[in-house]
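K.L.:
One structure is given below, represented as structure tokens, and several questions about it will come after.
Read-outs throughout are calculated quantities, based only on the coordinates presented, and are distinct from any laboratory measurement. This is a predicted model, so every value here is computed, not measured. Quick reminder, even Gly has a Cβ in these numbers, built from the backbone with ideal geometry, and neighbours come from all protein chains shown.
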Amino acid sequence: MKMGNKVLVVEDNPDNMKLVTWILEDEEYAVTGVNCAEDCLTRLESEEFDVVLMDISLPGIDGKEATRRLRAQERFQTLPIIALTAHAIKGEDEEILASGVTDLITKPLDEDVLLERLRKLLN
């Protein structure tokens, strides 16, 4: 596995951010965390990431809208974006996937699922 993949984590809950960062850094991913979609969009303008972990319920712009805005730009059309959501309501998944995310993982996060999906996307 290629080490040091750069992951942008968009998560407004400090505990979830800590958990995701800890899981990823343990596997030698380079993690950058932001707590809102606006910061995510700004960071992606100036920095390259291999994958984005996008919380869906965020203050301000939500994860679906942020994903739509990224997908509207040619350079982000193939960027892997994994939605992280506690909203596993039927119908909600389709709506999230329709926003253009590459994959969807429900919370509470299963570490093995997260790492396996990342490995698949990055290899």
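K.L.:
Looking at segment 65-90 only, could you name the residues that are within 24 Å of N13 (Cα to Cα) and either among the charged types (D, E, K, R) or more than 14 Å from the chain's Cα centre (by Cα) (or both)?
P.N.:
Listed by number, the residues that qualify are E65, R68, R69, H87, A88, I89, K90.
K.L.:
If you don't mind, another one. So which residues in segment 99-115 are part of a helix (DSSP H, G or I) and either over 25 Å from E47 (Cα atoms) or touching a Pro at 6+ places or on another chain (Cβ under 7 Å) (or both)?
P.N.:
Listed by number, the residues that qualify are E111, D112, V113.
K.L.:
Another question about this same structure. Any residue at all in segment 73-93 that's assigned to a strand (DSSP E or B), within 21 Å of K120 (Cβ to Cβ) and not β-branched (V, I, T)?
P.N.:
Within segment 73-93, one or more residues are assigned to a strand (DSSP E or B), within 21 Å of K120 (Cβ to Cβ) and not β-branched (V, I, T).
K.L.:
Taking interchain pairs and intrachain pairs at least six residues apart, which have beta carbon atoms under 7 angstrom, with the first residue in segment 46-70 and within 13 Å of D103 (Cβ to Cβ) and the second assigned to a strand (DSSP E or B) and hydroxyl-bearing (S, T, Y)?
P.N.:
The qualifying pairs are I56/T85.
K.L.:
Is it the case that some residue within segment 19-37 is in contact (Cβ under 8 Å) with a residue 60 or more places away in the chain and exposed (fewer than 15 other Cβ atoms within 10 Å of the Cβ)?
P.N.:
no
K.L.:
Would you point out which residue out of I96, I61 is within 14 Å of the chain's Cα centre (by Cα) and either in a strand (DSSP E or B) or surrounded by 14 or more Cβ atoms within 10 Å (Cβ to Cβ) (or both)?
P.N.:
It is I96.
K.L.:
Which condition number in (1) of a type in the set (A, V, I, L, M, F, W, C); (2) out of contact with any strand residue (DSSP E or B) (no Cβ under 6 Å at 6 or more places or on another chain); (3) farther than 18 Å from T85 by Cα is the one that A30 fails?
P.N.:
Result: A30 fails condition (2) only.
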